[in-house]
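The structure appears right after this line, and notes come after that.
The values are calculated or read from the model by the stated rules, or taken from the named source; none is laboratory data. Treat the numbers as computed from the prediction; the structure is a model and nothing was measured. As a convention, Cβ positions derive from the backbone with ideal geometry for all residues, glycine included, and neighbour counts pool all protein chains shown. We work out accessible area using only protein heavy atoms, side chains counted, and drop any ligands, DNA or RNA first. Shrake-Rupley method; radii C 1.70, N 1.55, O 1.52, S 1.80 Å.
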Amino acid sequence: MDVWDVVAAVAGQAPLVAVAVVVLYVLLSREIRNEVRRVERRIDKLEERVARLEERTSKIEERLSRVENDVAELKGRVGRLEEHFKGLKEQSGRVEGQVGQLVKAFQIYNSTLLKVLSSKAC
């Protein structure tokens, strides 16, 4: 006995029930097809959105890579500037020492000049 034999037996004994079952089956299968189409459309929209998000993510990753490169370059520049400023600081220290010697020499000159002028004035 297969399904069709059961259907034929039910239809022979209760034709209204068989008609109701067939109508419900048709309505249910139509609803299922509509729901499947709706889900497929939503899946298509989600796939499109995922594709857009992947594209945006790719662009963001490219930008991030450029930013990382720029930061690395800036770190290199900062390092070179720090070295340059160390050199300038050393030079500044030497200049300060030379200026200090010059001040001492000028004070000695000034003191000697005042002694010479005061000895001539007496």
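Might you let me know whether region 6-25 holds any residue that is out of contact with any strand residue (DSSP E or B) (no Cβ under 8 Å at 6 or more places or on another chain), among the hydroxyl-bearing types (Ser, Thr, Tyr) and open to solvent by less than 80 Å² (accessible area, probe 1.4 Å)?
no
Regarding residue 74, is this residue of a type in the set (A, V, I, L, M, F, W, C), modelled with pLDDT under 95 and either in a helix (DSSP H, G or I) or at positive phi (or both)?
Working: of a type in the set (A, V, I, L, M, F, W, C): yes; modelled with pLDDT under 95: no; either in a helix (DSSP H, G or I) or at positive phi (or both): yes.
The answer is no for residue 74.
Which residue, of 54, 82, 61, 47, is at pLDDT below 95, open to solvent by 100 Å² or more (accessible area, probe 1.4 Å) and assigned to a helix (DSSP H, G or I)?
Details: 54 fails: at pLDDT below 95; 61 fails: at pLDDT below 95; 47 fails: at pLDDT below 95.
One residue alone meets the criteria, 82.
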